[in-house]
């Protein structure tokens, strides 16, 4: 009798462990909430574009992308700006968009790095913007 009782308890425990919870029972508010955004806007001169990259440092946001199969561009804005301004052309990014990408990153010291590829030249370019320089300045 004792073995049978133990077997029944074991089966009951297994049923409890493998039974999925009721829908929504284990979800938190953060998982079920629909995200809201403070703003949404278009970025000027971005058609056509493929593989955009975004980097931030403090209140500065920079976006980089290759557009029109010809140009590597970077757009900049401060968090208080209503939208990105006109792009700054970094250089040529010709060829197929899959192989002529542009990206941007910021280093731990605040230096901005923009890198892009010109496929027909088989060349990769790098430009930097030192920390503290006005973002809309030309990258060197």
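Anything in the range 91-111 that is at pLDDT 90 or above and part of a strand (DSSP E or B)? List them, or say none.
104, 105, 106
Looking only at residues in the range 67-90 that are within 18 Å of the chain's Cα centre (by Cα) and assigned to a loop (DSSP other than H, G, I, E, B), which one is nearest to residue 51 (Cα to Cα)?
The extreme case among them is 84.
The values are calculated or read from the model by the stated rules, or taken from the named source; none is laboratory data. Since we're looking at a predicted model, the values are computed, not measured.
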